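Notes follow the structure.
The values are calculated or read from the model by the stated rules, or taken from the named source; none is laboratory data. Quantities reported herein were computed from a predicted structural model and do not represent experimental measurements. Cβ atoms come from the backbone with ideal geometry, glycine included; neighbour counts cover every protein chain shown.
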Amino acid sequence: MSVSLTAHQLIGLLVDPGSYRSWDEPSAAEPVDAGYRASLARARERTGVDEAVLTGLGRIGGEPVALVASEFGFLGGSIGVATAERITRAVERATAERLPLVALPVSGGTRMQEGTAAFLCMLRITAAVQAHRAAGLPYLSYLRNPTMGGVFASWGTLGQLVLAEPGARLGFLGPRVYEELRGVSLPADVQRAETLAERGLVDAVVAPEELREVLRRSLAVLTRRALPAPVPLPVEPAGLARPAGPAGPAQHPDAWEAVLRTRRPDRPGTRELLRRTTEELVLLDSPGGRNGALIRALAVLDGQPAVVVGQQRRAGARERPFTTADLRAVRRTARVAEQLGLPLVTVVDTAGAELSVQAELDGVAIEIAHCLTTLLALRTPVLAVLLGQGSGGGALALLPADRVLAAANAWLAPLPPEGASAIVHRDGGHAPDLARSQGIGAHALAEVGLVDTVVPELPDAADEPAAFCARLGAAVASALAELTATPEPTRRTARATRHRRLGDLLRPA
């Protein structure tokens, strides 16, 4: 693994030319120990900086951003009391001035020459970061090689977005300390940035030369104000059908035919929907990477900023089950949306949660339950999109919402029709009949109160992907505008009422 850039070099890569202004003041205190004073003097002479961190204000794409950048050449980027005070003051100033904050840690952890006093300063920094997040301000971190110990276990990993340098060593104990304390070597890949990203612990692995653009796009979403809700139209927008009751046969695709259509390998999925409909898009890493079943993103859709979690059911011809790690990532992403005051969009398209011994041991059902409670209690708006297959608990976990849109061929069922047939008839041959009798289609779901808007497919999204994605994207943006314009108490009361009535066969008069 290569040594990270210096703090000045990285700041130079990120900010607009000439825009950086330092916030740092020299520390008046000097340590009593002569050997430690000499070490500090050598570090200052070698690096040209006076401490292991630089703080200040810069601009990224013209927008002001507070920066905290570690200098590894200064005693391994270790955090002493003066270092912690500098970081804390920078975070507090960013909060007071309502600035987004980008942390760029690279550190071996606590400065051992200062012992427990320095170690406890991690609490001081974390408290400042928590206040910044509680103010609804973006806090993004970029973990560099290496980021270890108390820095990794506190302010380094508390970003609403946690990015990492390729190949960076990230962890709690360094390999030398681990071997000394445990008597065995730590496998080399355990603490690699890519390993953490595959497990959903890091949001994206980004090369330093690409970081500026990722930060620019991320901040464009996170600091964007939603556009006002459109003036209500006297009729439904063209191309949308909002059922108010039983619809005619022409509006109801055959349920079994709809199931088959949603299984087409060329049907547009979550990733294609986002790529076709967003103005700004930052795709984040998820458990399993591109081979996983979860899509996470920051996006602007027709002027509406949002955090997105969606299911990507296929990789070529292979169905991808929704895993326990995916469900944990959904909950983390939902909490990030809440911290930032952004709406959450969930996109449902899954053949179901993972069915395996390991999934049972990992508590997949428990994670589904926690997803339900997290989304039901979320203070920010939640919009669910039933895009295609909606099978079992894997689909249910993403459905608690203030409003639900559905593609015309989308469906929702406790099991795939073949599974239901196996239970009822002890074979899979009655799947078409059960699909038709269970009320799994989008229009039937509208009649019992789950779906609010059905977006047409003419006749199938796979046959008109561009036009279908445009219609669905417009419906999503319109719904987001209405939801964000609704006061939170009103929205949350309506959400509770909505879920109290779900499943009723007859709507109240």
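So, residue 43, is that one at pLDDT 95 or above and either charged (D, E, K, R) or out of contact with any helix residue (DSSP H, G or I) (no Cβ under 6 Å at 6 or more places or on another chain) (or both) or not?
No, not satisfied.
Within the bounds of the stretch 126-144, is there any residue that is of a type in the set (S, T, N, Q) and touching a Leu at 6+ places or on another chain (Cβ under 6 Å)?
The answer is no; no qualifying residue exists.
Let's see how each residue does on (1) among the aliphatic types (A, V, I, L, M); (2) touching a residue at least 40 places away in the same chain (Cβ under 8 Å):
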{"site": "399", "(1), (2)": "yes, yes"}
{"site": "416", "(1), (2)": "no, yes"}
{"site": "447", "(1), (2)": "no, yes"}
{"site": "458", "(1), (2)": "yes, no"}
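Sort through 98, 89 and tell me the only one that's free of Cβ contacts under 8 Å to residues at least 40 places away in the same chain, surrounded by fewer than 24 Cβ atoms within 10 Å (Cβ to Cβ) and of a type outside the set (A, V, I, L, M).
The unique qualifying residue is 98.
Out of 35, 108, 80, 76, which single residue is at positive phi and assigned by TED's automatic domain parsing to the domain that holds residue 174?
Answer to the check: 76.
Here is a list: 427, 402. Which entry is acidic (Asp, Glu) and surrounded by fewer than 22 Cβ atoms within 10 Å (Cβ to Cβ)?
Only one candidate passes the filter, namely 427.
From 388, 394, grab the single residue that is small (Gly, Ala, Ser), over 14 Å from the mean Cα position of the chain (by Cα) and not in a strand (DSSP E or B).
394
Tell me, which residue of the stretch 117-164 that is of a type in the set (D, E, K, R) and part of a helix (DSSP H, G or I) is farthest from residue 193 (Cα to Cα)?
For the stretch 117-164, the residue satisfying everything is 124.
Here are 479, 446, 466, 422: which of them is part of a helix (DSSP H, G or I) and more than 20 Å from residue 348 (Cα to Cα)?
Within the list 479, 446, 466, 422, the selection yields 422.
Quick one: in the stretch 241-264, which of the residues that are in contact with a Gly (Cβ under 7 Å, 6 or more places away or on another chain) and assigned to a loop (DSSP other than H, G, I, E, B) is modelled with the highest pLDDT?
Here the answer is 253.
Does residue 42 satisfy the condition of being crowded, with 20+ Cβ neighbours inside 10 Å, assigned by TED's automatic domain parsing to the domain that holds residue 176, within 23 Å of residue 145 (Cα to Cα) and of a type in the set (D, E, K, R)?
No.
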